[in-house]
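First up is the structure itself, then whatever we jot down about it.
No value in this document is a laboratory result; all are computed from the given coordinates. Here the structure is a predicted model, which means the values were calculated and not measured. Cβ: placed from backbone, ideal geometry, glycine included. Neighbour counts: every protein chain shown.
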């Protein structure tokens with residue numbers, strides 16, 4: 001009976017550790033769609049505080065533009081924003 005209790009405790013502990021690792025992995029991956037007033041959009045994986053003067057809007061990752069909207073999709077690694085067709089690093 002003691003062995004059975006010990007195995008149950010170990011199994012419960014392993015399940016808790018596994019669930020915790022899964023929860024941590026799933027919450028650490030966040031993303032957003034950022035668009036500027038010029039119709040350029042890109043993904044960001046970090047929570048940047050863009051100054052208001054940059055003229056960008058941050059949307060949730062599942063955001064999609066409407067059928068009549070005219071946006072261009074750009075991707076770029078690193079910290080910055082699109083302006084007049086060029087990537088500005090900050």
Report task. Using all C-alpha to C-alpha distances in the range 32-89, build P(r) with 10 Å bins and read off the rounded percent in each one. Result -> 23, 62, 15, 0
**Report entry** Least to most buried among 48, 81 (fewest other Cβ within 10 Å first)
**Finding:** 48, 81
